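Written out below as structure tokens is the structure these notes cover.
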Amino acid sequence: MNAIWRCVCRLRQGKVPHRCQSGCHPVAPLGSRILTDPDKVFEHNMWDHMQWSKEEEEAARKNVEENSAVRILPEEQVKYDCDAHKYWGAFYKIHKNKFFKNRNWLLREFPEILPADESTKEGVGEWPRDHVRSHAEDRGGSPQPDPFPGSNAAFRILEVGCGAGNSVFPILNTLQNIPESFLYCCDFASGAVELIKSHSSFRAAQCYAFVHDVCEDGLPYPFPDGILDVILLVFVLSSIHPDRMQGVVSRLSKLLKPGGMLLFRDYGRYDKTQLRFKKGHCLSENFYVRGDGTRAYFFTKGEVHHMFYKAGLDEKQNLVDHRLQVNRKKQVKMHRVWVQGKFQKPFHWTQQN
Ligand SMILES: C[S@@+](CC[C@H](N)C(=O)[O-])C[C@H]1O[C@@H](n2cnc3c(N)ncnc32)[C@H](O)[C@@H]1O
């Protein structure tokens, strides 16, 4: 059993490791570094569970009011929607896989990425299989082609908007120990998908990477509806036009099997990224365009709740992660705000309209 796997097991058992021998966890467990003495603020790079003062909240509100006072004209906005894949394509052409850091926190925050009944086992063996094996050889016949990639897997994950693979590779690394699991990943930037496929750690036996625009409702997926155990939606929805978000979430919900989980993490309202936008970048309320044409929306917990509720999913977690990020060298403090949620598809799934 590898180190990350062992630690996820402990999390699943409800035990938070204080200090992971393997070094795969930060020295302080996530969420536990609390700033009690303001004089010590520059002693660490990040503080958890920051409470905002009324003044800080008011200053952030004013900042946003000012940076959204001028809106980009609707006719100019069209290109950011129609050509969204081109702007992201250009992004990956420039930055390759060097821009985002590997999401090594994923398994800590989302142990659901791994099959629950496996987390307490040392090895993998007799999993309950939800899918009839497609190999005719199992029935004594000659080998048949698989009906779809990952059709033989017992546990299936989809990462939407996978970019250059900053989540894909940490997950794939862990899945090596769980041979009956399978990872799909898609992005509408074909260059990003190519970066994943050409990466030395890419393993086609356990991963299928494909180009797909989640806003295109009619586009088929390379697998049937209702077969996914987990969907990962990490910093993707924020780059989609708010009017399209509900459609995306509802369509993705169809892909989940009953009991399957959609795991969400994205920018929260008043995150430093939102406060740093200058006038002239605002598209609509809390929605901005960066200089490179990519866009960012900043969510509240309520909006997230509403969207997943309408998609017919049960809320298992929905929290605002407030942190204080510190640049010790420059002695600068910045509030980070993220929204994180876990939503489960009920066994009797109906979407609210
Ligand atoms: C901020 S990046 C996040 C990448 C990755 N999820 C991560 O956490 O490192 C947003 C990604 O979403 C992709 N994306 C945005 N809109 C999309 C859409 N409509 N369909 C598929 N991918 C999309 C972009 O190409 C980009 O790779």
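Derivation of every value follows stated rules applied to the coordinates shown; laboratory data play no part. Computed from a predicted model, the values in this text were never measured in an experiment. In this analysis, Cβ positions are derived from the backbone assuming ideal geometry, glycine residues included, and neighbour counts consider all displayed protein chains.
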Mind ranking 182-193, 222-233 by how tightly packed they are, going by the mean number of other C-beta atoms within 10 angstrom, highest first? 182-193, 222-233
So which lysines can residue 342 reach, going by Cα to Cα under 22 Å and dropping same-chain residues fewer than 8 places off? 15, 254, 257, 301, 310, 316
Using θ = phi - 60° and the Karplus form 6.51 cos²θ - 1.76 cosθ + 1.60, what ³J(HN,Hα) does each residue of region 276-288 get, whole Hz, x for Gly and Pro? 7, 5, 8, 3, x, 10, 7, 9, 7, 3, 6, 10, 9
Per residue of region 191-204, in order, report the coupling 6.51 cos²θ - 1.76 cosθ + 1.60 (Karplus, θ = phi - 60°) as ³J(HN,Hα) in whole Hz, putting x for Gly and Pro. x, 5, 5, 5, 4, 5, 5, 8, 6, 5, 8, 6, 10, 4
Given 0.36 nm per residue, what is the gain on full extension from residue 306 to residue 34 after removing their alpha carbon distance, in nm? 94.9 nm
Would you grab the residues whose amide H sits under 5 Å from the one on residue 316? Only those 5+ places off in sequence or on another chain, please, with H modelled 1.01 Å from N. 342, 343, 344
Under 19 Å by backbone N from the virtual spin label 7 Å along Cα-to-Cβ at residue 290, the residues of region 152-179 are 160-168
Using the Karplus equation 6.51 cos²θ - 1.76 cosθ + 1.60 (θ = phi - 60°), what ³J(HN,Hα) coupling, rounded to whole Hz, does each residue of region 221-237 give in order, writing x for Gly and Pro? 8, x, 8, x, 5, x, 10, 8, 8, 9, 10, 10, 10, 10, 6, 10, 4
Using DSSP to call loops (not H, G, I, E or B), can you name the trypsin sites (Lys or Arg not before Pro) in region 272-301 whose Cβ has at most 13 other Cβ atoms within 10 angstrom? 276, 278, 279
Around residue 159, which amide H atoms from residues at least 5 apart in sequence, or from another chain, sit under 5 Å from its own amide H, with H modelled in the peptide plane? 184, 185, 186, 232
Estimate the FRET efficiency between residue 53 and residue 244 by the formula 1/(1 + (r/R0)^6), using the beta-carbon distance for r and 30 Å for R0, to the nearest 0.05. 0.25
Quick one: length gained pulling residue 61 to residue 278 fully straight, 0.36 nm per residue minus the C-alpha distance? 76.7 nm
